[in-house]
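Chemist: Take a look at this one; I'll ask things after.
Bear in mind these aren't lab numbers, they're just calculated from the coordinates by the rules spelled out. Quick caveat, the model's predicted, so the values are computed rather than measured. Reconstructed Cβ throughout: ideal geometry from the backbone, glycine too, with neighbour counts over all protein chains shown.
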Amino acid sequence: MKVLICDSTAQSALDTIAEAGHEVVNRPDITADELMEVAAEYDVFVVRSRTKVREALIDAATNLKAIVRGGVGLDNIDVEYARSKGVQVLNTPTASTDAVAELTIGYIFSLARSIPQMTASMQAGEWAKKSFLGSEVGGKVLGLVGAGNIGQATGRRARALGMSVVAYDPFVKSAEGIEMMSLEEVVAKADYISLHVPHTDATHNIIGAEQLANAKDGVYIINCGRGGTLDEDALYDAIQSGKVAGAALDVYAEEPSKGHKLYTLPQVIGSPHVGAGTKEAKARVGAETAQQVIKALAE
């Protein structure tokens, strides 16, 4: 069977798939047009977040048996259409959990103490000791929008820091140490709101102008989940007005995001969708991806 690696994947994963007797073609920079041209040659696509697998590509991939997504979200794949064509869609739902949770906690500290801004000040040769009055995270409320694996992992770490954790998730009835409540209640109670939901029609801009208006004055917003779940224009306006004290973003409605107007605001810090970007997570994602490919081709 032929397996096309469409996005960067650990070499160990490629070796494991090859050792199982499958032909592996590694093209991590393949373009959408190139993929369309060769799609029919392959039995499995391995993708991460860069490659989009939409209906036209699925139709072109006449021998396709499985799409394996190295990571959690499946919003870059037309899942139901693929399955209607008999194509398996698999992912690695827990491999990057700890990495994303840790980045979220890192952003909580960074927002509370203005760590990036202080670093920039020092690099500019300043000694602005009186300009940076921070806050402590102990005793604050973390509001999770989404309480799946990553949300719960973030909650565990936040509780260890002395934070209270509340969450909204229509698919999770209870979670240890987390008080489940409505979205409106989470927004009203939280000092920090962190998004951990996939991007679907139901979650599109789930935190928007209305939610930000109903949040606490001085709330912080963190999105290490999926772009499109946070109304970025509404966030910009809320920071400009002083309603939102700051934000930390790893994901964006349009990616790659370059020159985003939010980064004209000193209260905004962020990263280029690197939530799962640790050595350990990459190794776990690779190992789980390989096993999913082997499993799909054995069925």
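Chemist: May I ask for the distance between the Cα centers of the range 281-299 and the range 86-159, given as a whole number of Å?
Modeler: A separation of 28 Å, based on Cα centres.
Chemist: Please report, in cubic angstrom per residue, the volume enclosed by the convex hull of the alpha-carbon atoms of the chain.
Modeler: Hull volume over Cα atoms, normalised by residue count, gives 144 Å³.
Chemist: Now a separate question. Highest GNM mean-square fluctuation, the chain, Cα pairs closer than 10 Å: which of Met181, Met163, Met118?
Modeler: Maximum fluctuation in the GNM of the chain, among the listed residues, is at Met118.
Chemist: Modelling each spin label as a point 7 Å along the Cα-to-Cβ direction, I'd like the Ser271/Glu184 distance in nm, to one decimal.
Modeler: Once both label points are built, they end up 3.5 nm from each other.
Chemist: Further question on the same structure: In whole Hz, with x marking every Gly and Pro, tabulate ³J(HN,Hα) for the range 39-51 from phi via Karplus 6.51 cos²θ - 1.76 cosθ + 1.60, θ = phi - 60°.
Modeler: Per residue, the Karplus-derived 3J(HN,Hα) values read 3, 5, 7, 10, 9, 9, 9, 10, 10, 10, 8, 5, 7 Hz.
Chemist: Same structure, new question: With the contact rule set at Cα under 8 Å and sequence spacing of 6 or more, what percent relative contact order holds for the chain?
Modeler: 17
Chemist: Which value, in debye to the nearest 20, gives the size of the charge dipole of the range 97-270 about its Cα centre, when Lys and Arg are +1 and Asp and Glu are -1 at the Cβ?
Modeler: Computed charge dipole of the range 97-270: roughly 600 debye.
Chemist: Pairs of alpha-carbon atoms within less than 8 angstrom and 6+ residues apart define the contacts here; what relative contact order does the range 175-299 have, in percent?
Modeler: 20
Chemist: If you build a Gaussian network model of the chain, linking Cα atoms that sit under 10 Å apart, which residue out of Val47, Val274, Val244 swings the most?
Modeler: Looking only at Val47, Val274, Val244, the largest GNM fluctuation is found for Val274.
Chemist: Amide H neighbours of Asn205 under 5 Å, counting only residues 5+ apart in sequence or on other chains, H built in-plane at 1.01 Å?
Modeler: Thr229, Leu230
Chemist: Taking neighbour Cβ counts within 10 Å as the exposure measure, how do Leu297, Leu161 sort from fewest upward?
Modeler: Ascending Cβ contact count within 10 Å gives the list Leu161, Leu297.
Chemist: On to the next question. Give the distance, in whole Å, between the Cα centre of the range 1-46 and the Cα centre of the range 170-222.
Modeler: Going from one Cα centre to the other spans 38 Å.
Chemist: So, in nm, how far is label Phe109 from label Ala18 when the simple model puts each one 7 Å beyond its Cα toward the Cβ?
Modeler: 3.9
Chemist: List the residues of the range 146-169 whose backbone N lies under 11 Å from a point placed 7 Å from the Cα of Thr94 along the Cα-to-Cβ direction.
Modeler: 149
Chemist: OK, next. Can you tell me the Rg and Dmax of the range 97-270, counting just the alpha carbons, in angstroms?
Modeler: When restricted to Cα atoms, the range 97-270 yields Rg and Dmax of 15.4, 51 Å.
Chemist: Counting only helical runs of four or more DSSP H residues, what would the 222 nm mean residue ellipticity of the chain come to if each run contributes -39,500 (n - 2.57) and the total is spread over all its residues?
Modeler: -10500 deg cm²/dmol
Chemist: Using Cβ contacts closer than 10 Å as the measure, can you line up Ile294, Ile77 from fewest to most?
Modeler: Least to most surrounded, the residues fall as Ile294, Ile77.
Chemist: Going by how many other beta carbons lie within 10 Å of each one, how would you line up Cys6, Cys224, fewest first?
Modeler: Result, fewest neighbours first: Cys6, Cys224.
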